[in-house]
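Chemist: Would you mind keeping the following structure in view while I ask a few things?
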There are 2 protein chains.
Amino acid sequence: MALFGCPGKLSGLLLRMGQCIFAAASVGAMVSAHGFFNSTAFCYLIAAMGIQVLWSFGLACLDFHALRSKTNLQNPVLVSMFVVGDWVTGILSLAAASSSAGVTILYSRDLDYCRSPLVPCTHFKASILFAFVSWLLLAISSHVTFWLLAAV
Amino acid sequence: MALFGCPGKLSGLLLRMGQCIFAAASVGAMVSAHGFFNSTAFCYLIAAMGIQVLWSFGLACLDFHALRSKTNLQNPVLVSMFVVGDWVTGILSLAAASSSAGVTILYSRDLDYCRSPLVPCTHFKASILFAFVSWLLLAISSHVTFWLLAAV
């Protein structure tokens, strides 16, 4: 089958690269924020986005290899491995992005910490935005691979 | 097909009832906590769990009706409606539970608010635990219906 974004296709490679780039941008924005380590949720976001960078980069390399050597990646064992990995990283990423968003909304709306110049709320917000974009791209990939597994 | 937990089966009815009960318990625990409205994340949790109660209760009624009248619910239109609804409520529930968990961890570990008897952290924790259990049951249902849609 040739679904949009399935493993071993150019669209799949682009999706994986997008996930990897946005997750890396999220880590970068969070690490550059002063005092992020004061909140457990922000540390968890960095960990979850780090896992997603590794996973998406690995799969992007695999897609690139399959595109160059014209290998077919769609055998049931590989696809089920992709599905499990995609779902685990996807759930971790969504949970991390949401918990950080909860904390940032608490800071900015409920506690009014963001008025203080010591709390870099724009960094936090940028990092969370990148994390949500990365999760959205991962959600597309994981639905496509799950659909593929059911149809294989 | 007769997958575990698919619509119109007893296991499906039990899953839906479990979702509904745990989501209602989550709302109850949060509403009974003093001062929950000070955090946006907790208000969002109540809204998301309210939506999940309505959705799961509706589907439980449908399952119950299908079991009594021995109707087959597995036509493509109905199943795709279930899939979309399950995914939307599932993502909302996970996001709500995670953002509330992020705020509660911030309260209990990072800001040490939980030492004060005015902040009912045990209520918050119980509510989040129920929300995660409810989300877990919904995740099972939504994977089963998605699988069914791919195979229909």
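Chemist: Restricting to DSSP H runs of at least four residues, report the calculated mean residue ellipticity at 222 nm for chain A, -39500 (n - 2.57) per run over all residues, nearest 500 deg cm²/dmol.
Modeler: After summing the helix terms and dividing by residue count, I get -26500 deg cm²/dmol.
Chemist: Within a 10 angstrom radius of the beta carbon, how do A:Arg16, B:Arg68 rank from fewest other beta carbons to most?
Modeler: Listing A:Arg16, B:Arg68 from fewest to most nearby Cβ atoms yields B:Arg68, A:Arg16.
Chemist: Please report B:Asp63, B:Asp112 as a ranked list, fewest other C-beta atoms within 10 angstrom at the top and most at the bottom.
Modeler: Values: B:Asp63 23, B:Asp112 10.
Exposure proxy ranking, most exposed first: B:Asp112, B:Asp63.
Chemist: Right, another one. Which lysines, if any, have their Cα less than 26 Å from the Cα of B:Lys9, not counting same-chain residues under 8 positions apart?
Modeler: Correct list for B:Lys9: B:Lys70.
Chemist: Around B:Leu136, what is the net charge, scoring Lys/Arg as +1 and Asp/Glu as -1 over all other residues with Cβ under 14 Å from its Cβ?
Modeler: 0
Chemist: Please give the length that would be gained between B:Val77 and B:Ser32 if that part of the chain were fully extended, namely 0.36 nm times their separation in residues minus their C-alpha to C-alpha distance (nm, one decimal).
Modeler: That works out to 12.2 nm of additional length.
Chemist: Expressed as an acute angle from 0 to 90° and rounded to the nearest 10, what is the orientation of the C-alpha long axis of helix B:40-69 relative to the principal long axis of chain B?
Modeler: 20 degrees
Chemist: Which of these, B:Ser32, B:Ser99, B:Ser141, has the largest mean-square fluctuation under a Gaussian network model of chain B (Cα springs below 10 Å)?
Modeler: So, out of B:Ser32, B:Ser99, B:Ser141, the one fluctuating most is B:Ser32.
Chemist: While we're on this one: For chain B, can you list the cysteines whose C-beta has no other cysteine C-beta under 4.7 Å from it?
Modeler: B:Cys6, B:Cys20, B:Cys43, B:Cys61
Chemist: Quote the relative contact order of chain B in percent (integer), defining contacts as alpha-carbon pairs under 8 Å separated by 6+ residues. Don't skip to the end; give the middle numbers.
Modeler: Details: 195 pairs, mean separation 60.4, N = 152.
About 40 percent, as a whole number.
The numbers here are math on the coordinates, done by the rules we state, and not lab data. Because the structure is a prediction, the values reported are computed rather than measured. Ideal geometry is used to build each Cβ from the backbone, glycine not excepted, and the neighbour counts take in all protein chains shown.
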